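Laboratory data are not the source of any read-out in this text; all were calculated from the coordinates shown. What you are looking at is a predicted structure, and each value in this text was computed from that prediction instead of being measured. No Cβ is skipped: glycine too gets one built from the backbone with ideal geometry, and neighbour counts run over all protein chains shown.
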Amino acid sequence: MTDHTKIEWADATWNPVTGCDEVSPGCDHCYAKTFAERFRGVPGHYFEDGFDVQLRPDKLDLPLRWTKPRRVFVNSMSDLFHKDIPDEYIARVFAVMAIARAHTFQVLTKRHGRMRSLLSSLRFWIQVETLAYLMACGEDDDVDGGRALQVREAQRLPDGSIPQVWPLPNVWLGVSVEDQQRADLRIPALLDTPAAVRFLSCEPLLGRVDLLEAINQEPLAAYQFRPGGIDWVIVGGESGHGARPMHPDWARSLRDQCTKAGVPFHFKQRGEWTWIEPDRFRIPTKPYSDRVAVMHPAGMTAMTKRNPFNPFERGHPDWHTRIERVGKLRAGRELDGRTWDEFPEAVAR
């Protein structure tokens with residue numbers, strides 16, 4: 001909604017829609033819902049209706065007012081492919097992105113099926129082209145089928161052909177992948193969707209993810225990455241109230257997969273929890289605390305108030321990672337002693 005953001009992989013956010021609902025475990029502690037629901041019922045507040053889905057047409061032209069090129073995260077407070085958002089409105093959002101070519105737009109969704117269906121539709125793209133043409137001409141009326149065909153015909157080149165503007169070169173499409181189950185569901189749909197750049201947001205990362213398995217056992221490099229594969233991977237732990245810990249091996253595994261395949265890797269944050277490196281590991285002196293625990297690579301935690309099981313008493317060697325809840329800022333963004341701020345080369349800046 002603003003021309004700046006604290007999100008490490010974007011320069012600005014744009015919310016032509018707000019509101020959403022949960023579809024998978026990654027939604028359980030949604031920061032956007034937590035924020036919006038604080039104001040439900042407050043008369044006159046922007047989020048008076050809480051996190052109910054609402055179209056925000058007054059925000060549609062916001063990117064057109066920005067003169068400095070930005071990486072823009074689209075709908076940080078919603079999901080553009082939510083079932084309650086009309087196709088025509090989504091087309092208007094894409095029309096604005098088609099006009100605002102100076103910016104790079106990052107569209108992230110958990111509704112992979114609708115994204116694939118809509119963005120594979122010739123009818124949808126004709127509507128996007130028509131709306132973009134009318135907006136650029138200063139017209140912003142509703143577009144019926146007849147008007148769309150008229151505009152489409154007006155775009156013919158001297159040789160009689162009509163230029164294809166999709167997929168939009170300044171729009172990146174991504175899916176959220178918090179665990180292997182969601183990887184297996186969403187990545188194939190993303191690969192089957194027309195896009196100039198495709199990316200994965202593995203945040204909050206709730207388990208180990210094997211990208212090779214998610215793409216039918218084929219090596220990532222076999223997709224050549226552009227235009228046919230995955231161009232970028234973001235990884236991050238969960239933050240906020242009730243944040244679940246991320247095992248360091250999950251993040252390292254994705255980093256190593258990306259490095260091997262030559263895919264840019266961006267480590268956003270550790271989350272609320274940090275881990276102690278193996279050579280510094282000690283059994284917690286106060287194990288029954290909600291801020292100190294040990295973690296198994298499969299995702300279980302132990303030696304907390306809620307789960308006082310002590311794995312060391314029973315000789316479980318896999319319980320070797322001590323984690324501490326220190327807060328997002330103290331946990332930081334380093335993975336094995338460095339930050340990872342890689343972006344796709346075509347538009348890196």
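Numbers below:
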quantity: Alpha-carbon Rg/Rh ratio, for region 4-133, with Rh computed the Kirkwood way; calculated: 0.96
quantity: Length released on extending from Lys68 to Asp28, taking residue separation times 0.36 nm less the Cα-Cα span; calculated: 10.9 nm
quantity: Region 22-82: trypsin sites (Lys or Arg not before Pro) in DSSP loop, at most 13 other beta carbons within 10 Å; calculated: Arg38, Arg40
quantity: Loop trypsin sites (Lys or Arg not before Pro), region 297-347 (other Cβ atoms within 10 Å of the site Cβ: 12 or fewer; DSSP); calculated: Lys305, Arg306
quantity: Cross-link table Lys33/Lys110; Lys83/Lys110; Lys110/Lys328, entries beyond 18 Å C-alpha to C-alpha; calculated: Lys110/Lys328
quantity: Separation in nanometres of the label points that stand 7 Å from Cα toward Cβ, at Asp341 and Met300; calculated: 4.0
quantity: Region 249-271 and region 45-80: distance between their alpha carbon centers, rounded to Å; calculated: 29
quantity: Built amide H within the under 5 Å cut-off of Val197, gap 5+; calculated: Leu173
